[in-house]
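Enquirer: Before I ask anything, let me first share the structure, which is written out below as structure tokens.
The values are calculated or read from the model by the stated rules, or taken from the named source; none is laboratory data. Small disclaimer: the values here were computed from a predicted structure and weren't measured. Counting neighbours? That spans all protein chains shown, and the Cβs are built from the backbone with ideal geometry, glycine included. Remember, those area values only see protein heavy atoms, side chains included, never the ligands or the DNA or RNA. Shrake-Rupley method; radii C 1.70, N 1.55, O 1.52, S 1.80 Å.
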Amino acid sequence: MKDAAAASQPETVYLAEYTPFGWQIEDVHLTFRLSPGATRVFARIQFAPNPDAPDQDFFLDGEELTLIRAAIDGTEITPEITAKGLRCAVPEGRFQWEAEVEIAPDANTALEGLYLSNGMFCTQCEAQGFRKITFYPDRPDVMATFTVRIESDLPVLLSNGNPKASGDGWAEWHDPWPKPAYLFALVAGDLVAHPDSFTTASGKDVALNIYVRPGDEDKCAFGMEALKKSMRWDEEVYGREYDLDVFNIVAVDDFNMGAMENKGLNIFNSSCVLASPETATDGNFERIEAIVAHEYFHNWTGNRITCRDWFQLCLKEGLTVFRDRQFTADMRSAPVKRIEDAMMIRARQFPEDQGPLSHPVRPESFQEINNFYTATVYEKGAEVISMLHLLVGEEGYRKACDLYFDRHDGDAATIEDWLKVFEDATGRDLTQFKRWYSQSGTPRVTVSEHWDSGDGPERDAPVTGAASGDGIAVSEEGHGRYTLTFTQETRPTPGQDSKAPQVIPIAVGLLNPNGDEVLPTTVLEMTEAKQSFVFAGLAAKPTPSILRGFSAPVVLDRDVSREERAFLLAHDTDPFNRWDASRALARDSLVAMITEGAGPDEAWLDGLERVLRDDRLDAAYRALMMGGPTQSELAQVLYERGVTPDPDAIWDATETLRQVMAERWVDLLPRLAAEAKVDAPYAPDAAQCGKRALSGAVLALQSRLDGGAAAQKQYDAATNMTEQMQALTALVRAGKAGDALSAFEAQWRHERLVMDKWFGLQVAAAPPADAVATVQRLTAHADFDWKNPNRFRAVMGSLTMNHAGFHRADGAGYDVLADWLIKLDDLNPQTTARMCSAFQTLSRYDAGRQEKMRAALGRIMAKDGLSRDTSEMVSRILS
Ligand code: B3K
Ligand code: ZN
């Protein structure tokens, strides 16, 4: 069936063509008789006509299923079966559907539907995996209660909802909450539980478990704490309580993404839930806390209120990302979190939004929905909610959310429903704001300023567009009027040639020449293509701090002098903009080094040094300050400034700069290292993680001076994975890692997740000229299990992160990736398609590289039986 499906022309689905399903489902009963090669699935489903959608053909989705028997109201039937599903005549009115199908979990390498991972049965149904389990209307707007019986000799048998009954070789589960099929889950395996419990605000006891393979029990405690914190936080901040007697999490080694929010039975990629100080880094701990929270928060935003269709994906994902960000900001440092979010959006979402894969937060068409689980839907989707939050304020936001939960509990909802609750709760008209959901592309905001001291007649009249009347009053008593004029422009994106102005909240503060803040953060609402805002009552020309806290996902284009940026680096009270001033100076300095052969900007390094020496600033923040722009970011900046980026020149410049920093701060580094010392048992909390981040940044610079001596010392003494990895990375970069790499491998050979780090690090930290050879060496390693998505991503994903190594002029980086993607596509289309996005920045580079990327993509496209997933991605990139 797979071949038939691949051979047929991929169909495009359109948002505009949404029609409800012709039947409603009252109740679903499933029985699974598990067997690796031949699992039998028995389904008994009550259908009733949907009065809102009469006169439809009865069609059930179904792929890669062998139908054994089907019956309607007890009478056997012979339906018409296609590569996509099943069609048959049905009676008018209600009827009972029965079907028995056979599936082969052990042959399921795509990891969608029911599959096997290390002998454990597990499922992944979002977005359209349930159709590989049984014939069903596999769409999110068909919601039903499920009763599931599992028959197997395996000791642990789990499904959604509450346990109902169990006996020798069987277990039954009942989920009382109507849900779409994509939230169905089943797990069966030889697993052990890490148990705990939680009492909800209204006093209900919930049994909690994290199920893992024997041997992993010692890596569950942190995930469990994160779960309990999330449950409490959702009660306190959103008033949302948990609604079943049990909440189970299962860790699985073979998983295409991070985790999945199945009702009452979350399934996690083991890398996103298992952690111990010895095996996981601080970064892993923080990510685990965020993902556990994210999946838990889906219980309300996604499960109780789900999406009408897959175009509305951002309704649950954007909102749930926004919620998990709020949670992390509350648990850790809010400014650090905001900087990390902005870095992520600039590094991942902006390139997507400005390239051939650009699509609206709510896409209007797709061939394969799995290709739209993107940074745009998730991260820009969260930014859109963050802007709404800013515009309506905390109180308005909470009122709107309460209304959303009241009005839509149990619904399959739309973005229109979401915006309507904001309109109804706050009285605001969101017609223009809604463009954030339909217009793709990153708006560019340019800024010009005008100062009128008020001492003489106004000479020029620069203010055009809508200027706000008497101006925004500031805390001084001067006569000066300061005008900021903004223009917004969004370049054409695929399928959208012209763009209308969007509502852009621009958070602004003003500083006077002493560095004192004369206007605290004020949100300007830009709604026109060009618009001015006047600030009155100033004693002297201020320095503006614009887009504070990254108040909108836009590119801010403003000609700012080095002096002004340095002033903001020294004085801005907004931690985000202070960091951003340094980042911009670093970017400009590197660009000048690359294009003019200039030396590093001394004034910036002086300013940065003052920040680093300021021990009132939190260590995590100073560590972020020490990191520079990524090479890919520099390539984008050069491209935007009309210079074709040369990856080797970018690499050389970043190396030179790091070397200069190391030499310049030879005295400062030991002082920072001493400040960053942790004198307490390991804990992955914000304070300790910040200190280790700072000491890691110091070690990276020190290793440039001492040939890796300090790194070797840290490696030998390390008692946790954060320090071990920092040291190993520094040694690899210093070219001194031979012994440490062997020791690490010997120590961790049996820990899959740690070995992923070993594989990934060698590629990511390899000198660009060695990256491809390192990939070739590692892919020949006996433990390179390329069918495991984590291992595949560790090696191939790290190659794409090694900017100059991947973009080698001879195209060897592109070729090795294309070869592996061609191979993987037969087995796992979803992971293959996702990795094709490494080519999305193609148009930035020179003709030679572009031609080589096109050739590599052409080879992928020409592969016989290429999956719909990969074919859609490659053709979008090539268009
Ligand atoms: N909802 C899942 C993602 C499913 C991806 C399907 N290709 C995880 C999450 O966002 O929480
Ligand atoms: Zn999610």
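Enquirer: Just the residues that are touching a Gly at 6+ places or on another chain (Cβ under 9 Å) and assigned to a loop (DSSP other than H, G, I, E, B), please, taken from segment 246-275.
Expert: Within segment 246-275, E261, K263, G264, V273, L274, A275 qualify.
Enquirer: Here are E317, E278, E352: which of them is modelled with pLDDT of 95 or more, of a type in the set (D, E), part of a helix (DSSP H, G or I) and more than 11 Å from ligand 2 (Cβ to nearest atom)? Give the derivation first.
Expert: On the way: E317 fails: more than 11 Å from ligand 2 (Cβ to nearest atom); E278 fails: part of a helix (DSSP H, G or I).
After applying the criteria, what remains is E352.
Enquirer: Restricting the search to segment 157-167, which residues are touching a residue at least 40 places away in the same chain (Cβ under 8 Å), surrounded by 19 or more Cβ atoms within 10 Å (Cβ to Cβ) and not in a loop (DSSP other than H, G, I, E, B)? Break it down into steps so the answer makes sense when it comes.
Expert: Restricting attention to segment 157-167, the residues satisfying the condition of being touching a residue at least 40 places away in the same chain (Cβ under 8 Å) are 158-163.
Narrowing further to those that are surrounded by 19 or more Cβ atoms within 10 Å (Cβ to Cβ): 158-161.
Scanning segment 157-167 gives L158, S159.
Enquirer: Mind listing whichever residues of segment 555-576 are without any contact (Cβ under 8 Å) to a residue 60 or more places away in the chain and in a helix (DSSP H, G or I)?
Expert: Step one: list which residues in segment 555-576 are without any contact (Cβ under 8 Å) to a residue 60 or more places away in the chain, which gives 559-570.
Passing the criteria: R562, E563, E564, R565, A566, F567, L568, L569, A570.
Enquirer: To continue, here is another question. Scan (1) among the hydrophobic types (A, V, I, L, M, F, W, C); (2) open to solvent by 10 Å² or more (accessible area, probe 1.4 Å); (3) more than 26 Å from G113 (Cα to Cα) for the single condition A412 breaks and write down its number.
Expert: Checking A412 against (1) among the hydrophobic types (A, V, I, L, M, F, W, C); (2) open to solvent by 10 Å² or more (accessible area, probe 1.4 Å); (3) more than 26 Å from G113 (Cα to Cα), the one that fails is (3).
Enquirer: Considering only segment 540-548, I want to know if a residue exists there that is open to solvent by 40 Å² or more (accessible area, probe 1.4 Å), touching a residue at least 12 places away in the same chain (Cβ under 8 Å) and hydroxyl-bearing (S, T, Y). Please lay out each step first, then the result.
Expert: Filtering segment 540-548 down to residues open to solvent by 40 Å² or more (accessible area, probe 1.4 Å) leaves 541.
Add one more test, that the residue is touching a residue at least 12 places away in the same chain (Cβ under 8 Å), and what stays is 541.
Those still in the list that are hydroxyl-bearing (S, T, Y) too: none.
Within segment 540-548, none of the residues are open to solvent by 40 Å² or more (accessible area, probe 1.4 Å), touching a residue at least 12 places away in the same chain (Cβ under 8 Å) and hydroxyl-bearing (S, T, Y).
Enquirer: May I ask you to say which residue of A693, A653, A662, A687 is within 21 Å of L569 (Cβ to Cβ), of a type in the set (A, V, I, L, M, F, W, C), outside any loop (DSSP other than H, G, I, E, B) and open to solvent by 30 Å² or more (accessible area, probe 1.4 Å)? Spell out how you get there, then give the answer.
Expert: Values: A653 fails: open to solvent by 30 Å² or more (accessible area, probe 1.4 Å); A662 fails: open to solvent by 30 Å² or more (accessible area, probe 1.4 Å); A687 fails: within 21 Å of L569 (Cβ to Cβ).
Going through A693, A653, A662, A687 in turn, the sole match is A693.
Enquirer: Return yes when D402 is farther than 23 Å from I305 by Cα and either of a type in the set (F, W, Y) or not in a strand (DSSP E or B) (or both) and no when it is not. Lay out the reasoning, then the answer.
Expert: On the way: farther than 23 Å from I305 by Cα: no; either of a type in the set (F, W, Y) or not in a strand (DSSP E or B) (or both): yes.
So D402 does not fit the description; no.
Enquirer: Hey, among the residues in segment 281-304 that are closer than 17 Å to V250 by Cβ and in a helix (DSSP H, G or I), which one's farthest from ligand 1 (Cβ to nearest atom)?
Expert: Once the filter is applied, the top-ranked residue is I288.
Enquirer: For segment 228-272, enumerate the residues that are of a type in the set (S, T, N, Q) and more than 16 Å from ligand 2 (Cβ to nearest atom). I'd like the intermediate steps shown before the answer.
Expert: Within segment 228-272, the first condition is being of a type in the set (S, T, N, Q), and the residues that meet it are 230, 248, 256, 262, 266, 269-271.
Correct list: N248, S270, S271.
Enquirer: Same structure again: Do we find a residue being open to solvent by 40 Å² or more (accessible area, probe 1.4 Å) and outside any helix (DSSP H, G or I) anywhere in segment 750-757?
Expert: Yes, segment 750-757 has at least one match.
Enquirer: How many of the residues making up segment 789-835 are assigned to a loop (DSSP other than H, G, I, E, B), surrounded by fewer than 23 Cβ atoms within 10 Å (Cβ to Cβ) and touching a helix residue (DSSP H, G or I) at 6+ places or on another chain (Cβ under 7 Å)? Steps first, answer last, please.
Expert: At the first step, the residues of segment 789-835 found to be assigned to a loop (DSSP other than H, G, I, E, B) are 802, 807-811, 826-828.
Cutting the leftovers down to surrounded by fewer than 23 Cβ atoms within 10 Å (Cβ to Cβ) gives us 808-811, 826-827.
Filter again for touching a helix residue (DSSP H, G or I) at 6+ places or on another chain (Cβ under 7 Å), leaving 808-809, 811.
Residues in segment 789-835 being assigned to a loop (DSSP other than H, G, I, E, B), surrounded by fewer than 23 Cβ atoms within 10 Å (Cβ to Cβ) and touching a helix residue (DSSP H, G or I) at 6+ places or on another chain (Cβ under 7 Å): 3 in total.
Enquirer: Run D557 past the list (1) buried (at least 19 other Cβ atoms within 10 Å of the Cβ); (2) in contact with a Lys or Arg (Cβ under 7 Å, 6 or more places away or on another chain); (3) not small (G, A, S) and report the number of the one that doesn't hold.
Expert: (1)
Enquirer: When you scan segment 213-247, how many residues do you find that are at positive phi and crowded, with 17+ Cβ neighbours inside 10 Å? Step through it out loud before you land on a result.
Expert: Our first condition is that a residue be at positive phi; within segment 213-247, this holds for 215, 239.
If we keep only those that are crowded, with 17+ Cβ neighbours inside 10 Å too, we end up with none.
Within segment 213-247, residues that are at positive phi and crowded, with 17+ Cβ neighbours inside 10 Å number 0.
Let's see how each residue does on (1) modelled with pLDDT under 95; (2) part of a loop (DSSP other than H, G, I, E, B); (3) in the same structural domain as E394 (by TED's automatic domain parsing); (4) of a type in the set (V, I, T):
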| site | (1), (2), (3), (4) |
| --- | --- |
| E458 | yes, yes, no, no |
| S475 | yes, yes, no, no |
| G478 | yes, yes, no, no |
| S498 | no, yes, no, no |
| I506 | no, no, no, yes |
| G509 | no, no, no, no |
| E525 | no, no, no, no |
| Q531 | no, no, no, no |
| F535 | no, no, no, no |
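Results for (1) within 16 Å of ligand 1 (Cβ to nearest atom); (2) within 30 Å of P105 (Cα to Cα), shown as yes or no for each residue.
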| residue | (1), (2) |
| --- | --- |
| G215 | no, yes |
| K219 | no, yes |
| M231 | no, no |
| L244 | no, yes |
| A251 | yes, yes |
| N256 | yes, yes |
| L265 | yes, yes |
| N269 | yes, yes |
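Enquirer: Being within 14 Å of ligand 1 (Cβ to nearest atom) and touching a helix residue (DSSP H, G or I) at 6+ places or on another chain (Cβ under 9 Å) is the filter; apply it to segment 125-137 and report the residue that is most open to solvent (accessible area, probe 1.4 Å).
Expert: Among residues in segment 125-137 that are within 14 Å of ligand 1 (Cβ to nearest atom) and touching a helix residue (DSSP H, G or I) at 6+ places or on another chain (Cβ under 9 Å), the one most open to solvent (accessible area, probe 1.4 Å) is Q128.
Enquirer: Still on this model: State which residue is least open to solvent (accessible area, probe 1.4 Å) when the search covers only segment 291-305 and only residues that are within 11 Å of ligand 2 (Cβ to nearest atom) and of a type in the set (A, V, I, L, M).
Expert: Here the answer is A293.
Enquirer: Restricting to segment 395-421, give me the number of residues that are of a type in the set (A, V, I, L, M, F, W, C) and farther than 25 Å from D243 by Cβ. So that I can check it myself, show each step before the final result.
Expert: First pass over segment 395-421, keeping only residues of a type in the set (A, V, I, L, M, F, W, C): 400-401, 403, 405, 412-413, 415, 418-419, 421.
Right, trim to farther than 25 Å from D243 by Cβ and you get 419.
Residues that pass the stated criteria total 1.
Enquirer: Still on this structure, please answer the following. Can you name the condition, by its number, that T75 falls short on among (1) closer than 21 Å to I150 by Cα; (2) open to solvent by 50 Å² or more (accessible area, probe 1.4 Å); (3) not hydrophobic (A, V, I, L, M, F, W, C)?
Expert: All conditions are met except number (1).
Enquirer: Ok, one more. Of the residues R346, R325, R338, which is more than 16 Å from ligand 2 (Cβ to nearest atom), within 19 Å of I288 (Cα to Cα) and open to solvent by 10 Å² or more (accessible area, probe 1.4 Å)?
Expert: Values: R346 fails: within 19 Å of I288 (Cα to Cα); R325 fails: more than 16 Å from ligand 2 (Cβ to nearest atom).
Only one candidate qualifies: R338.
Enquirer: Would you confirm, using the coordinates I've provided, whether R308 is open to solvent by 10 Å² or more (accessible area, probe 1.4 Å), over 25 Å from T719 (Cβ atoms) and more than 10 Å from ligand 1 (Cβ to nearest atom)? Step through it out loud before you land on a result.
Expert: Numbers: open to solvent by 10 Å² or more (accessible area, probe 1.4 Å): yes; over 25 Å from T719 (Cβ atoms): yes; more than 10 Å from ligand 1 (Cβ to nearest atom): yes.
Yes; evaluated as a whole, the condition is true for this residue.
Enquirer: In this structure, is E241 in a loop (DSSP other than H, G, I, E, B), acidic (D, E) and within 17 Å of R304 (Cα to Cα)? It would help to see each step written out before you state the result.
Expert: Numbers: in a loop (DSSP other than H, G, I, E, B): yes; acidic (D, E): yes; within 17 Å of R304 (Cα to Cα): yes.
Yes: the conditions hold for E241.
Enquirer: List pairs: first in segment 476-504 and touching a residue at least 24 places away in the same chain (Cβ under 8 Å) and among the hydrophobic types (A, V, I, L, M, F, W, C), second surrounded by 19 or more Cβ atoms within 10 Å (Cβ to Cβ) and in a loop (DSSP other than H, G, I, E, B), Cβ under 8 Å, 6+ apart or cross-chain?
Expert: Short answer, once both residue conditions are applied: V503/F433; I504/P443; I504/A552; I504/V554.
Enquirer: Among the numbered conditions (1) in contact with a Gly (Cβ under 6 Å, 6 or more places away or on another chain); (2) within 22 Å of D409 (Cβ to Cβ), tell me where L154 comes up short.
Expert: The failed condition is (2).
Enquirer: Here's something else I'd like to know. Which of the residues belonging to segment 1-34 are more than 34 Å from the chain's Cα centre (by Cα), closer than 21 Å to G113 by Cα and at pLDDT below 95?
Expert: Passing the criteria: only D27.
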